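Here's the structure, in structure tokens; my notes come after.
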Amino acid sequence: MDEQLRDGYKMAAMGTLAGGLSHELNNVLQPVITLAQFGIDRDHVSERERKAEMTQVLKAAERGAEIVKNALALAPGGSRETDDIEPWGYLGEVAARARRDVGPNVEVDVRVGTRRGEIRVNRVELDEALNNLVTNAAEAMEHAGKIVLAIETIDIGGEDARGRGMVPGAYVRITVADNGPGMSADVKQHAFDAFFTTKADADAIGLGLSVVYNLARGWGGDAAVESEPGEGATFELLIPNVAKEG
């Protein structure tokens, strides 16, 4: 997949994001502006009230920073350096981080299949994609259940590759599976849409899986999900395999 096509996926995503970002950032900035003005207009305020207001400002600013960080992951072009990564060892690092971060009631297992070659991507972007998938799995299970990280090298032939907008060849396939409640057909259809979320949390942004999809497309790969209600979900990340040098 050439660079123009890769940037095309990110440009399309940014077009979709533009309206949503305006709305989301306005929601973030409004309490910051209101509380700042409130503080200016009042001569006397207790230390307790001041701390409560500053806490609200800080939370709004942190949420705004998260929105911007996720949006930047979708930005086209740029001069991101790529790294040659041995993905099997890397997935072990992801699992170690997951065991630390997802809580004591989530079991994290790793399954390794055929080993061949390396992947050539920006490591920070790869971290972002895998962290988003692991976090999504843990939240789907309400931080109690099992996550299975699996990796293998597969060959994708001409018709299958073209059907997914990819070049035929070898790919590293990473999956993140959970034993949570699964998804309805409608939720699955929109899982990678920007700003789509099923979370009741008012602070949920709904950008994480959209970032995963667009990063994968930008690498020349793909992202997909298989799920049925009551059967958990398995997210698939395909990344072009490159021959190991030396």
Long-range amide H partners of ASN122, meaning residues 5 or more apart or on another chain whose placed amide H is closer than 5 Å, are ASP83
Between ARG115 and LEU29, the FRET efficiency computed from the C-beta separation at R0 = 35 Å comes out, to the nearest 0.05, as 0.15
Hey, fewest Cβ within 10 Å first, where do SER184, SER46 land in order?
SER46, SER184
Distances longer than 29 Å among the Cα atoms of the stretch 83-242: what percent of all pairs is that?
14 percent
What is the fewest-to-most order of PHE235, PHE192 by other Cβ atoms lying within 10 Å of their Cβ?
PHE192, PHE235
For the stretch 158-196 and the stretch 81-152, write down the distance between their C-alpha centroids in whole Å.
16 Å
Taking every DSSP beta bridge with both residues inside the stretch 83-242, roughly what % is antiparallel (nearest 5)?
80 percent
Can you put ILE154, ILE239 in order, fewest other beta carbons within 10 Å first?
ILE154, ILE239
Long-range amide H partners of TRP219, meaning residues 5 or more apart or on another chain whose placed amide H is closer than 5 Å, are none
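Read the figures in this text as sums done on the coordinates, not as results from a lab. Keep in mind the model is a prediction, meaning the values are calculated, not measured. Quick reminder, even Gly has a Cβ in these numbers, built from the backbone with ideal geometry, and neighbours come from all protein chains shown.
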